[in-house]
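Worksheet: one structure, shown below.
The values are calculated or read from the model by the stated rules, or taken from the named source; none is laboratory data. Note that the structure is predicted; figures quoted are calculated from it, not measured. In this analysis, Cβ positions are derived from the backbone assuming ideal geometry, glycine residues included, and neighbour counts consider all displayed protein chains. The protein model used for the area step is the full one, side chains on, heavy atoms only, and it has no ligands, DNA or RNA in it. Shrake-Rupley method; radii C 1.70, N 1.55, O 1.52, S 1.80 Å.
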Amino acid sequence: MITAPDLDLDLPTLPRTATTVRPYGDTTDDGMVQVSFTLPVPHGPLADGAALQLARKMGIDRPLLVHSKPIGRDFSFFVVYGPVVHEVDLDEIEVVEREYPLLTAKEANSAVSERLGRKLVVLGACIGTDAHTVGIDAILNIKGFAGEKGLEYYKELKVLNLGAQVSVPELVRRARVEGADAVLVSQVVTQRDAHLTNVKELAAELRAEFAEHERPLLVVGGPRFDPGTAAELGADRVFGRGTTPSDVASYLVHALTGAELTG
Amino acid sequence: MTTAVRTPGKLGLDPALVRRARELAARAGRPVVDLARSHTTVAVERATLRLAGLNGADPEGIPWANRLVDAVRDQVGLEHGVCLPVWEALRSGEYRDLTDLAARAATRTVPFRVPEGDAAVRSEAAARTAVGRGIARIDERRREREELVRRWGNPKGPWIYLIVATGDIHEDIRQAQAAAQGGADVIAVIRSTGQSLLDYVPDGATREGYAGTYATQENFRLMRAALDETSAELGRYVRLTNYASGLCMPEIAALAGLERLDMMLNDSMYGILFRDINPVRTFVDQRFSRQLHARAGIVINTGEDNYLTTADAVDAAHTVTASQLLNEYFAKEAGLADGQLGLGHAFEIDPAVPDSFRLELAHALLARELFPDAPLKWMPPTRHMTGDVFHGYLLNGFFNLAGALTEQSILLVGMMTEAVVTPFLSDRDLALRNIRYVLDAAGGLAEDFHPAPDGLIARRAGQVLGEAIDLLEDIRERGLLDAIAAGTFGGMRRTAEGGRGADGVVARAAGYRNPAIDLLETT
């Protein structure tokens with residue numbers, strides 16, 4: 001069983017500012033984290049020692065090896081708890097803050113009809129070989145996600161969901177044919193960073209096919225994407241895990257109608 | 001497969017309604033079977049050549065089977081099948097064997113013609129002899145499996161099904177052997193993403209793939225040999241699974257039979273709905289592949305679980321039931337026995353829905369009672385698995401419990417890392433311990449589990465069956481192809497003319513000959 005470590009003894013002392021935080025186990029600033037990992041070492045004292053040393057190198061000051069178990073003959077699995085020496089200064093963290101107001105469906109619709117004077121055309125697809133449409137469906141399907149209705153519900157948006165495994169050339173062709181204002185792609189399952197390669201390819205093809213002023217907006221989403229990487233990927237916007245349809249709709253309205261509305 | 005003694009009728013389903021559902025499925029499916037019997041495809045013809053021993057590929061990696069079928073098609077079309085022109089050429093030309101003929105045909109130096117009269121009879125007989133050798137080999141591999149199962153034994157309780165997918169067959173082997181040692185009864189080697197859309201079967205052992213490993217004859221052989229080794233060590237026959245789906249469904253079915261694979265994913269509609277493969281292509285390919293599976297003693301796994309990844313698991317529950325009934329009809333028509341029907345379904349109800357576990361039990365028990373002799377395949381949650389691996393581990397525990405309570409036959413091992421990363425070695429180990437705990441603690445609980453006759457479970461099961469019957473009525477009236485086009489299954493709309501591989505479908509002429517189909521249909 002796990003016994004609580006003696007945390008009031010020699011905690012590493014680090015400079016503190018008001019914006020500095022450490023992990024919270026059950027007491028402010030105790031720094032407690034849990035990690036689990038496998039080592040390719042047969043179970044035994046050597047494996048346990050290796051696990052503790054790895055934990056220390058990871059910054060866990062006094063690691064508690066709470067669980068150690070063989071997996072087959074050649075591997076051992078560990079669960080480690082302990083206080084991590086690191087802390088983070090919140091002032092130093094860079095995040096993509098939403099720079100546009102979050103709109104209701106009604107607000108988004110009226111912004112589109114007033115400023116665009118026509119329906120805003122959104123083309124969605126899962127590109128490459130990914131057959132997992134969960135992401136794009138959550139954003140586009142009327143059923144929606146997290147209690148919000150999807151973009152199909154917005155009457156001023158014309159939504160075309162091409163579904164799974166759409167090739168890049170096909171998507172570019174359809175963007176031209178449909179006169180898409182925005183192309184939304186999602187990727188869920190990915191290996192060896194295929195999701196990044198696919199998006200870069202799509203971004204390049206869109207730039208090759210369209211003049212810059214007529215190019216549809218490229219919006220990318222999926223749990224494996226980092227929202228800070230839009231420029232690197234050649235996308236206009238990257239949405240990560242937990243994005244809801246209204247996030248996307250509000251962004252589209254903001255980017256395509258130039259609306260600086262107050263939400 | 002061993003299951004506890006089942007008390008029939010825990011749900012009190014009306015036998016007349018069950019009969020009605022089957023009858024409707026048969027009537028809805030029959031026109032599609034007629035379509036399958038009146039068409040062939042490039043893949044069916046290639047599979048036939050593979051049964052006759054044509055394997056290997058040219059230096060560009062294009063299989064000889066593709067080269068030869070393409071050459072025949074260019075010159076004389078495929079309306080009469082590939083066998084008549086190929087064996088006519090072999091009989092009259094100076095070719096060492098099929099491979100030699102294929103190589104020369106690829107350089108367009110072989111004049112093909114469709115023989116008539118006595119020549120046709122002789123060519124067909126020669127083809128029949130060659131194809132018959134392949135089928136005899138499949139028979140031999142089936143007997144071998146039966147012998148090994150006798151020697152090493154079957155697992156007790158449900159079969160525990162685990163996926164490996166590294167892209168590298170040699171790495172897969174390490175992981176598969178470790179998984180079997182950890183308690184897996186069935187190893188599925190998931191295919192490289194996108195293989196289903198390749199119109200050829202890659203050749204040789206492969207070490208590169210995306211989110212999976214290519215299905216090739218050599219990869220099949222290597223993995224089966226490794227699992228035989230592990231089976232001997234464990235004293236338990238470890239089964240091997242792959243995917244007879246996509247554009248090469250019939251060829252992969254043939255290779256699976258030749259290399260003694262034990263189960264194959266083989267759904268009647270999956271490729272249409274989720275890979276956008278032409279419906280006619282799929283149904284023609286499917287019938288032939290199922291005939292091969294029937295002959296090889298392979299258990300098929302159908303893919304109804306997939307519907308619930310795109311449609312709501314409560315609202316669309318009846319589409320699963322309707323599809324299972326259609327899959328059953330198509331399977332039996334192709335010669336598969338009840339014991340070969342691994343009909344699929346899944347634990348995909350949103351855990352936030354009140355009574356979600358009771359609804360899952362209702363759906364799972366409905367499948368169990370509708371198909372009492374089928375080795376049902378029960379699939380773990382995917383859609384509501386989030387990055388919260390701890391919560392996911394609990395959901396998988398409930399999935400396993402539902403499987404035990406409703407006596408599912410094949411339990412796919414749920415991974416807490418679903419939708420996060422490909423599972424770590426430790427994730428697999430934890431998942432196997434989850435299932436082991438549930439089966440050891442509650443494996444016999446089905447005996448004590450009798451839902452109240454007027455309770456939510458029984459009522460819900462009755463409701464789903466009723467809705468499935470209504471849906472089958474509708475499908476029968478409008479036709480299955482139209483129903484698919486209207487988005488009935490999985491919410492995906494696929495038209496009969498659309499989709500990939502449509503250009504590989506050919507209407508059979510009156511003189512169409514395929515000795516493989518003849519041999520498979522007479523058994």
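Annotations
- Whenever a residue of the range A:222-245 is of a type in the set (Ser, Thr, Tyr), its partners that are open to solvent by 30 Å² or more (accessible area, probe 1.4 Å), lying with C-beta atoms within less than 9 angstrom and at least six residues away or across chains, give the pairs A:THR229/A:LEU196; A:THR243/A:PHE145; A:THR243/A:PRO227; A:THR244/A:PHE145; A:THR244/A:ALA146; A:THR244/A:GLY147; A:THR244/A:GLU148.
- From the options A:LEU171, A:LEU202, A:LEU218, residue that is in contact with a helix residue (DSSP H, G or I) (Cβ under 8 Å, 6 or more places away or on another chain), at pLDDT 85 or above, away from chain B (no Cβ under 14 Å) and more than 16 Å from A:LEU256 (Cβ to Cβ): A:LEU202
- Per the conditions (1) assigned to a loop (DSSP other than H, G, I, E, B); (2) hydrophobic (A, V, I, L, M, F, W, C); (3) surrounded by fewer than 14 Cβ atoms within 10 Å (Cβ to Cβ), the sole criterion not satisfied by B:VAL420 is (3).
- Residue count, the range B:486-513 (criterion: touching a residue at least 60 places away in the same chain (Cβ under 8 Å) and either touching a Ser or Thr at 6+ places or on another chain (Cβ under 6 Å) or among the basic types (Lys, Arg) (or both)): 10
- Counting the residues of the range A:106-141 that are in a loop (DSSP other than H, G, I, E, B) and either among the aliphatic types (A, V, I, L, M) or touching a Gly at 6+ places or on another chain (Cβ under 7 Å) (or both) gives 5.
- The strands (runs of 3 or more DSSP E) found wholly in the range B:238-322 and carrying at least 1 residues that are within 14 Å of chain A (Cβ to nearest Cβ) occupy B:239-243, B:263-265.
- Some residue of the range A:36-51 being in a loop (DSSP other than H, G, I, E, B), away from every other protein chain (no Cβ under 12 Å) and among the small types (Gly, Ala, Ser): yes
- Residues in the range B:194-237 that are within 14 Å of chain A (Cβ to nearest Cβ), in a helix (DSSP H, G or I) and buried (at least 23 other Cβ atoms within 10 Å of the Cβ) were compared, and the one that is nearest to the chain's Cα centre (by Cα) is B:SER196.
- Residue check, B:GLU328 open to solvent by less than 10 Å² (accessible area, probe 1.4 Å), charged (D, E, K, R) and either farther than 18 Å from B:THR282 by Cα or more than 14 Å from every other protein chain (Cβ to nearest Cβ) (or both): no
- Residues (open to solvent by less than 10 Å² (accessible area, probe 1.4 Å), part of a loop (DSSP other than H, G, I, E, B) and touching a Lys or Arg at 6+ places or on another chain (Cβ under 8 Å)) located in the range B:64-81: B:GLY81
- Any chance B:ASP429 is within 12 Å of chain A (Cβ to nearest Cβ), of a type outside the set (Ser, Thr, Tyr) and out of contact with any Phe, Trp or Tyr (no Cβ under 9 Å at 6 or more places or on another chain): no
- Of everything listed in (1) closer than 18 Å to B:GLU218 by Cα; (2) touching a Leu at 6+ places or on another chain (Cβ under 9 Å); (3) in contact (Cβ under 8 Å) with a residue 60 or more places away in the chain, the single unmet condition for B:ARG133 is (1).
- Any pair with Cβ under 7 angstrom, 6 or more apart, that starts in the range B:103-123 at a residue that is closer than 19 Å to B:GLU60 by Cα and ends at one that is β-branched (Val, Ile, Thr): B:ARG104/B:VAL110
- Flag if B:ASP100 is among the acidic types (Asp, Glu), in a helix (DSSP H, G or I) and either in contact (Cβ under 8 Å) with a residue 40 or more places away in the chain or not assigned by TED's automatic domain parsing to the domain that holds B:GLU45 (or both): no
- Breaking point among (1) surrounded by 24 or more Cβ atoms within 10 Å (Cβ to Cβ); (2) not in a loop (DSSP other than H, G, I, E, B), for B:LEU361: (1)
- Those residues of the range A:73-105 which are among the β-branched types (Val, Ile, Thr), more than 12 Å from chain B (Cβ to nearest Cβ) and in a strand (DSSP E or B), in sequence order: A:VAL80, A:VAL84, A:VAL88
- Within the set A:ALA211, A:ALA231, the sole residue that is open to solvent by 30 Å² or more (accessible area, probe 1.4 Å), more than 24 Å from A:LEU151 (Cα to Cα) and in a helix (DSSP H, G or I) turns out to be A:ALA231.
- Test: residue in the range B:153-165 that is within 14 Å of chain A (Cβ to nearest Cβ) and in contact with a helix residue (DSSP H, G or I) (Cβ under 6 Å, 6 or more places away or on another chain): yes
- Screening the range B:147-193 for residues that are part of a loop (DSSP other than H, G, I, E, B) and of a type in the set (Gly, Ala, Ser) and picking the one that is surrounded by the fewest Cβ atoms within 10 Å (Cβ to Cβ) gives B:GLY153.
- Matching residues, the range B:461-489, being within 23 Å of B:ALA367 (Cβ to Cβ) and basic (Lys, Arg): B:ARG476
- Filter pass, B:GLY61 being loosely packed, with under 15 Cβ neighbours inside 10 Å and more than 21 Å from B:ARG122 (Cα to Cα): yes
- Residue list for the range B:347-392, restricted to those being within 14 Å of another protein chain (Cβ to nearest Cβ) and among the hydrophobic types (A, V, I, L, M, F, W, C): B:ALA352, B:VAL353, B:MET385, B:VAL389, B:PHE390
- Test for A:PHE210: is it away from chain B (no Cβ under 14 Å) and hydrophobic (A, V, I, L, M, F, W, C): yes
- Checked against (1) at pLDDT 90 or above; (2) part of a loop (DSSP other than H, G, I, E, B); (3) within 13 Å of chain B (Cβ to nearest Cβ), A:PRO70 meets all criteria but (2).
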